[in-house]
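Take a look at the structure set out below.
The values are calculated or read from the model by the stated rules, or taken from the named source; none is laboratory data. Just so it is clear, the model here is predicted, and its values are computed rather than measured. Cβ: placed from backbone, ideal geometry, glycine included. Neighbour counts: every protein chain shown.
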Amino acid sequence: MRIDKFLAQSTGLSRKEVHRLIHAGKITQGEEIIKNSALHVKEDADILLDGFPVEPPRDYYLMLFKPQGFVCSNQDGSHPSVLNLIELPRADELTICGRLDVDTTGLVLITSDGKWAHRVTSPKHKTGKRYRVETADPIPETAIDVFAQGMMLRNEHKPTLPAELEILSSHEALITLQEGRYHQVKRMFAALGNKVIGLHREQISSLILDDELEPGEYRELTAEEVAQI
């Protein structure tokens, strides 16, 4: 990896700022001052900035509890991005694995690993996502079979994949999807003449939202959790 890329990814500084530090003789490898911004170094190289060790760049795998009022995109004119909640170098370059509506809460996975993000979001991998749903009207038992069979939604060309519905009470249920169409849960209940008034994602694949996280908080996934996707 080029030393300027190494430093930019490790520190969050821009390439221009990194170049200034290099030209000023602030970057060393061991006792040798690095003057060439294009110098290639190993990803575990022992690099110092003003005499202090620079942590090598690495991939991040995060679990975040999305609060209401935030969007799962990098930019939005009306609402802040969930990436604004991440206090890491170059957080704005991280990938949000799938989306939740601005008024939907719950589990969001965020990473710097593009291949891992693809495994989370690709329909080919059929990664199950479980939501807790609150509705305006009672949920009929017949909805279980309707969702399990798949249903045609307005302006769609093919039915939804089978979804698992578990009714918890008259107005509350758990629904597990194998895909992620636009506003899918809300549209599925709307097709039954019902309205979703509360939506919270609890689980993606076997990863369950950590109950110690508060809205807006996040933590890194363990190596075992990363491997579950």
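Quick grid of which residues meet (1) out of contact with any Pro (no Cβ under 7 Å at 6 or more places or on another chain); (2) at pLDDT below 95; (3) under 22 Å from residue 98 (Cα atoms):
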position: 142; (1), (2), (3): yes, no, no
position: 145; (1), (2), (3): yes, no, no
position: 148; (1), (2), (3): no, no, no
position: 156; (1), (2), (3): yes, yes, yes
position: 164; (1), (2), (3): yes, no, yes
position: 169; (1), (2), (3): yes, no, no
position: 172; (1), (2), (3): yes, no, no
position: 181; (1), (2), (3): yes, yes, yes
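So if I check each of 21, 64, 39, 49, which one is farther than 26 Å from residue 94 by Cβ and either in contact with a helix residue (DSSP H, G or I) (Cβ under 6 Å, 6 or more places away or on another chain) or buried (at least 16 other Cβ atoms within 10 Å of the Cβ) (or both)?
Just a single option satisfies the conditions, and that option is 39.
Can residue 199 be described as surrounded by 13 or more Cβ atoms within 10 Å (Cβ to Cβ), within 30 Å of residue 142 (Cα to Cα) and in contact with a helix residue (DSSP H, G or I) (Cβ under 8 Å, 6 or more places away or on another chain)?
Yes; evaluated as a whole, the condition is true for this residue.
Within region 127-147, which residues are in a helix (DSSP H, G or I) and over 26 Å from residue 109 (Cβ atoms)?
Listed by number, the residues that qualify are 142, 143, 144, 145, 146.
Residue-wise test of (1) touching a residue at least 60 places away in the same chain (Cβ under 8 Å); (2) within 30 Å of residue 208 (Cα to Cα); (3) outside the structural domain of residue 208 (by TED's automatic domain parsing); (4) among the polar types (S, T, N, Q).
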| site | (1), (2), (3), (4) |
| --- | --- |
| 27 | no, no, yes, no |
| 34 | no, no, yes, no |
| 69 | no, yes, no, no |
| 74 | no, yes, no, yes |
| 100 | yes, yes, no, no |
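Kindly list the number of the only condition in (1) touching a strand residue (DSSP E or B) at 6+ places or on another chain (Cβ under 8 Å); (2) touching a residue at least 12 places away in the same chain (Cβ under 8 Å) that fails for residue 93.
(1)
For region 177-229, give me each residue that is in contact (Cβ under 8 Å) with a residue 12 or more places away in the chain and among the β-branched types (Val, Ile, Thr).
185, 196, 197, 204, 208, 226, 229
Kindly indicate the residue of region 4-18 that is among the hydrophobic types (A, V, I, L, M, F, W, C) and either in the same structural domain as residue 93 (by TED's automatic domain parsing) or under 18 Å from residue 112 (Cα atoms) (or both) and also surrounded by the fewest Cβ atoms within 10 Å (Cβ to Cβ) among those meeting that condition.
13
Filter region 171-190 down to the residues that are touching a Ser or Thr at 6+ places or on another chain (Cβ under 9 Å) and of a type in the set (Gly, Ala, Ser) and list them by number.
Scanning region 171-190 gives 173, 180.
Can you confirm whether residue 111 is β-branched (Val, Ile, Thr) and over 30 Å from residue 18 (Cβ atoms)?
Spelling it out, it is not the case that residue 111 is β-branched (Val, Ile, Thr) and over 30 Å from residue 18 (Cβ atoms).
In region 1-16, is there at least one residue being in a strand (DSSP E or B), over 22 Å from the mean Cα position of the chain (by Cα) and either farther than 30 Å from residue 200 by Cβ or without any contact (Cβ under 8 Å) to a residue 40 or more places away in the chain (or both)? Steps first, answer last, please.
Applying the first criterion (in a strand (DSSP E or B)) to region 1-16 yields 2.
Remaining after also requiring over 22 Å from the mean Cα position of the chain (by Cα): 2.
Checking the rest, the ones that are also either farther than 30 Å from residue 200 by Cβ or without any contact (Cβ under 8 Å) to a residue 40 or more places away in the chain (or both) come to 2.
Checked region 1-16: at least one residue is in a strand (DSSP E or B), over 22 Å from the mean Cα position of the chain (by Cα) and either farther than 30 Å from residue 200 by Cβ or without any contact (Cβ under 8 Å) to a residue 40 or more places away in the chain (or both).
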